[in-house]
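Chemist: Right, I'll just put the structure down here and ask away after.
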Amino acid sequence: MLADKQDHPSKIISDGASVYFVTGGTTASQNEGTNNINRIALQDGSVSVLVKGGEHLPSPTLAVDDKFLYWAEPGHIYRAPKAGGESELIVRDAPGQPDEMSVDEENIYWLVYGGTGSHNLPVLFAKKSGGSTQKLATGQEGYSGLCVDHDFVYWVGATGIRKIAKTGGTEELLYRNPGKGPMSDMVQDSDNLFYAQMDNHNDWVLMKIAKKGGEPARLAPSISEVMQFVANNNSIYYLERETSKTYLLRKISTGGGEPVTLDRGEDSWNKFLAVDNTQVYFTTIAKVLVVRK
């Protein structure tokens with residue numbers, strides 16, 4: 001256990017030196033002063049508040065680079081020095097609630113939280129040093145699973161997996177998914193995309209498809225579609241419901257093979273995962289926990 005008695009910790013990420021996670025998320029949390037973004041220094045285990053929510057309501061989406069932690073509230077995107085200090089407002093005109101943020105050397109990319117049945121949603125970016133919102137794509141419906149590599153931005157849309165060059169242009173349908181079951185979330189490695197999909201038996205499975213296109217292949221036979229999964233060092237880490245009360249934390253090689261169980265437990269609040277080069281992190285209703293990879 002890395003931290004206890006946290007206020008409903010949610011989104012969590014790690015840069016290998018620290019773990020960052022969002023707490024609270026309600027008006028009551030705001031009033032109690034626990035609507036924050038906390039940091040755990042892995043060297044000594046100390047827990048501190050990196051971003052004090054105050055009048056802000058940090059949404060459960062984070063991104064990190066070598067110097068800054070990026071976070072959002074409805075209409076705005078901020079960054080805060082990872083070493084501590086005041087947050088800086090870098091995007092003032094973000095429509096709706098920014099979601100699933102990702103950064104590269106120059107820009108921050110994000111989707112907009114829309115909820116079930118939303119349509120005409122954009123794929124957006126801005127200079128991460130500060131700047132106005134720009135659109136890469138529009139007219140999206142029910143999207144998720146934002147991935148960014150050196151050349152392209154990818155996401156799961158209503159009809160399949162789409163991509164667009166980071167320099168702009170026309171979006172492409174990398175994989176069409178007509179009538180093959182709903183898809184949810186997506187992560188990547190250098191050559192492949194990994195996503196959850198409902199199969200013909202109404203079970204959710206983990207799928208793999210090459211970024212250059214082609215037919216997808218089943219990677220893991222069971223995965224929770226409402227819980228996060230992450231990729232690192234040739235493995236995918238994910239949560240799987242074992243019974244109505246218990247879950248498994250598992251990993252599987254990106255090349256295929258049998259899943260390996262890392263942990264087993266009971267907690268209906270599990271959803272968010274993070275991974276670095278040595279450990280896997282996850283949250284429960286009040287704790288931040290860690291297991292070795």
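Chemist: Around Thr23, under 12 Å between beta carbons, what's the net of Lys plus Arg minus Asp minus Glu among the other residues?
Modeler: Details: positive: Lys5, Lys11, Arg39, Lys52, Lys287; negative: Asp7, Glu32.
Combined, the nearby Lys, Arg, Asp and Glu give +3.
Chemist: Which of the lysines could a cross-linker bridge to Lys293, judged by Cα under 17 Å and excluding same-chain residues fewer than eight apart?
Modeler: Output for Lys293: Lys251.
Chemist: Amide H neighbours of Val275 under 5 Å, counting only residues 5+ apart in sequence or on other chains, H built in-plane at 1.01 Å?
Modeler: Amide H neighbours of Val275: Ser14, Tyr281.
Chemist: Tell me the net charge near Ile252. Cut-off is 15 Å between Cβ atoms, Ile252 excluded, with +1 for each Lys or Arg and -1 for each Asp or Glu.
Modeler: On the way: positive: Lys208, Arg218, Arg250, Lys251, Lys293; negative: Asp189, Glu240, Glu258, Asp263.
Net charge in that neighbourhood comes out at +1.
Chemist: Determine, from the Cβ-Cβ distance of Gln279 and Ser222 and an R0 of 25 Å, the FRET efficiency 1/(1 + (r/R0)^6), rounded to the nearest 0.05.
Modeler: 0.60
Chemist: Quick one: net charge around Ser59, please, counting Lys, Arg +1 and Asp, Glu -1 for every other residue with C-beta under 10 Å from its C-beta.
Modeler: -1
Chemist: At 7 Å along Cα-to-Cβ for each site, give me the label-to-label distance between Thr159 and Glu215 in nm.
Modeler: For Thr159 paired with Glu215, the spin-label model returns 2.2 nm.
Chemist: Then there is this: For the chain, with the dipole built from +1 on Lys and Arg beta-carbon atoms and -1 on Asp and Glu ones, taken about the Cα centre, which of Val103, Ser253, Ala17 lies farthest toward the positive end?
Modeler: Going by the Cα projections, it comes out as Ser253.
Chemist: Using 21 Å as the Cα-Cα cut-off, could you pick out the over-long pairs in Lys208/Lys245; Lys128/Lys166; Lys128/Lys212; Lys180/Lys208; Lys5/Lys271; Lys82/Lys128?
Modeler: From Lys208/Lys245; Lys128/Lys166; Lys128/Lys212; Lys180/Lys208; Lys5/Lys271; Lys82/Lys128, over 21 Å: Lys208/Lys245; Lys128/Lys212.
Chemist: Still on this structure: Please report, as a whole percent, how much of the solvent-accessible surface of the range 252-293 comes from carbon and sulfur atoms (probe radius 1.4 Å). Don't skip to the answer; put the middle values down first.
Modeler: Values: 990 of 2050 Å².
Result for the range 252-293: 48 percent of the exposed heavy-atom area is carbon or sulfur.
Chemist: Over 25 Å, how big is the tail of the calculated P(r) for the chain, in percent of all Cα pairs?
Modeler: Every Cα pair in the chain considered, those over 25 Å come to 47 percent.
Chemist: Also, I was wondering about something else. Show the residues, 5+ positions off or on another chain, whose built amide H is closer than 5 Å to the amide H of Val123.
Modeler: Distant-sequence amide H within range of Val123: Leu136, Ala137, Thr138.
Chemist: At 222 nm, what helix-only mean residue ellipticity would the chain give, in deg cm²/dmol to the nearest 500, using -39500 (n - 2.57) for each DSSP H run of four or more?
Modeler: -500 deg cm²/dmol
Chemist: Let me ask something else. Explain nothing, just compute: Karplus ³J(HN,Hα) = 6.51 cos²θ - 1.76 cosθ + 1.60, θ = phi - 60°, for every residue of the range 16-29 in order, whole Hz, x for Gly and Pro.
Modeler: x, 9, 9, 10, 10, 8, 8, 10, x, x, 10, 5, 4, 4
Chemist: Once R0 is set to 25 Å, what does the formula 1/(1 + (r/R0)^6) return for the Cβ-Cβ distance between Glu266 and Glu106, expressed as a FRET efficiency to the nearest 0.05?
Modeler: Efficiency computed from Cβ-Cβ geometry: 0.05.
Chemist: Tell me, what % of the accessible area of the range 23-165 is carbon and sulfur with a 1.4 angstrom probe?
Modeler: Answer for the range 23-165: carbon and sulfur cover 47 percent of the accessible area.
Chemist: Another question, then. Just to be sure I understand the model, the point goes 7 Å from the Cα along the line to the Cβ. What's the resulting Lys287 to Met1 distance in nm?
Modeler: Here the modelled spin labels are 0.5 nm apart.
Chemist: If you average 1/r over all unlike Cα pairs in the range 113-163 and invert the result, what Kirkwood radius do you get in angstrom?
Modeler: Every distinct Cα pair counted, the radius reaches 11.7 Å.
Chemist: Let me ask another. Apply the Debye scattering formula to the range 40-79, with a single equal point scatterer on each alpha-carbon and no solvent, then give log10 I(q)/I(0) at q = 0.31, 0.33 Å⁻¹.
Modeler: -1.14, -1.17
Chemist: Apply the Karplus curve 6.51 cos²θ - 1.76 cosθ + 1.60, θ = phi - 60°, to the phi angles in the range 203-208 and return the couplings in whole Hz, x for Gly and Pro.
Modeler: Values, residue by residue: 9, 8, 10, 9, 10, 9 Hz.
Chemist: Let me ask something else. HN-Hα J couplings of the range 163-171 from phi, Karplus 6.51/-1.76/1.60, θ = phi - 60°, integer Hz, Gly and Pro as x?
Modeler: Per-residue couplings from phi come out as 8, 8, 5, 5, 7, x, x, 8, 5 Hz.
Chemist: Hey, can you rank 3-13, 96-106 by average C-beta count inside 10 Å, highest first?
Modeler: 3-13, 96-106
Chemist: Turning to a different aspect of this structure: Over the chain, with the other protein chains present, what is the accessible area per residue in square angstrom, probe 1.4 angstrom? The partial results should precede the final answer.
Modeler: Numbers: 13510 Å² over 293 residues.
That works out to 46 Å² per residue.
The values are calculated or read from the model by the stated rules, or taken from the named source; none is laboratory data. Just so you know, these numbers come straight off a predicted model, no measurement behind them. Neighbour counts are summed over all protein chains in view; Cβ atoms, including those assigned to glycine, are modelled from backbone coordinates with ideal geometry. Only protein heavy atoms, including side chains, enter the accessible area calculation; ligands, DNA and RNA are left aside. Shrake-Rupley method; radii C 1.70, N 1.55, O 1.52, S 1.80 Å.
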